[in-house]
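Read the structure below first, then the notes.
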Amino acid sequence: MSMTIKRVISKHLESNSFIVSQAGEAIIIDAGVEEDEISKHLDGEKVVAVLLTHGHYDHAVYAQDYARAFGCKIYAAEGIKEYLADSDKNYSEGHFKVSNFSDFCFLNGDGKVKLGGFDVAYFSTPGHSKCGMSFLIGDTIFVGDLIFSQGTGRLDLYGGDKTQMVESLKKVQSLDFQILESGHGEPSTRAWQERNLKTFIRFLSR
Ligand SMILES: [Zn+2]
């Protein structure tokens, strides 16, 4: 069964959301795109889950709209609560805060979860935020703002940590992926990231 990935860019936040489709089902990763806009990119698939890579506003703001519209749960690291509950920590400047987490299923550490027909491996990858999580589906890893095609995510925001960033980059390096999708910008290949990860691990470890 072949899997397709659609990258949808938020017009006002410039963050990526992804629709991963297979056999009439879809998973949505990150939620910076309005629900009606994301719906336009669905092709009749049943959305079985929403995954969040971290709790910053530009990746999480519409997650509960998706959960309500599609009747599914939101999966994220448990540490995301602290970010979503506080508009200073999610950088929405007072616009966005979650007070009811009944739509959420929290994940901790590394593991695997079956969502509809999808096998999703999840990995705790803090560094850019305390609640960073990466998801491996098929041969594609979704890392949020941990690393991009041209650099790493910011370390100066609340909960950013250089030591954790290095550990998370090493974890990504050890995983069996072919394509890396980031929270902003274009995807990158395994070959590209071999060099990129090595460079940034060395740079941050000095
Ligand atoms: Zn971020």
Of all residues in the stretch 11-42 being among the small types (Gly, Ala, Ser) and within 18 Å of the chain's Cα centre (by Cα), which is surrounded by the fewest Cβ atoms within 10 Å (Cβ to Cβ)?
SER21
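For every residue, the table says whether it meets (1) touching a residue at least 40 places away in the same chain (Cβ under 8 Å); (2) under 22 Å from TYR66 (Cβ atoms).
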position: TYR83; (1), (2): yes, yes
position: LYS89; (1), (2): yes, yes
position: LEU107; (1), (2): no, yes
position: PHE123; (1), (2): yes, no
position: SER129; (1), (2): yes, yes
position: ILE137; (1), (2): yes, yes
Hey, any hits in the stretch 149-163 for a residue that's on the phi > 0 side of the Ramachandran plot and among the hydroxyl-bearing types (Ser, Thr, Tyr)?
no
Check LYS114 against each of (1) closer than 19 Å to ILE28 by Cα; (2) in contact with a Phe, Trp or Tyr (Cβ under 8 Å, 6 or more places away or on another chain) and name the one condition it does not meet.
(2)
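Filter the stretch 53-86 down to the residues that are polar (S, T, N, Q) and within 14 Å of the ligand (Cβ to nearest atom) and list them by number.
THR53
Would you check if LEU175 is in contact (Cβ under 8 Å) with a residue 60 or more places away in the chain and over 15 Å from the mean Cα position of the chain (by Cα)? Let's see the steps before the verdict.
Values: in contact (Cβ under 8 Å) with a residue 60 or more places away in the chain: no; over 15 Å from the mean Cα position of the chain (by Cα): yes.
Against the criterion (in contact (Cβ under 8 Å) with a residue 60 or more places away in the chain and over 15 Å from the mean Cα position of the chain (by Cα)), LEU175 does not qualify.
Report the residue count in the stretch 151-196 for those that are more than 26 Å from TYR91 (Cβ to Cβ) and not charged (D, E, K, R). Give the steps one after another, and end with the answer.
So in the stretch 151-196, the residues more than 26 Å from TYR91 (Cβ to Cβ) come out as 170, 173-179, 189-195.
If we keep only those that are not charged (D, E, K, R) too, we end up with 173-175, 177-179, 189, 191-193.
So the answer is 10.
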Going residue by residue through the stretch 176-183, is there one that turns out to be in contact with a helix residue (DSSP H, G or I) (Cβ under 7 Å, 6 or more places away or on another chain) and farther than 22 Å from ALA77 by Cα?
yes
Does SER17 fit the bill of being at negative phi and out of contact with any Phe, Trp or Tyr (no Cβ under 9 Å at 6 or more places or on another chain)?
no
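No lab work stands behind these numbers, since they all come straight from the coordinates. Note that this is a predicted model, so its numbers are computed, not measured. Every residue, glycine among them, receives a Cβ derived from its backbone with ideal geometry; neighbour counts consider all protein chains shown.
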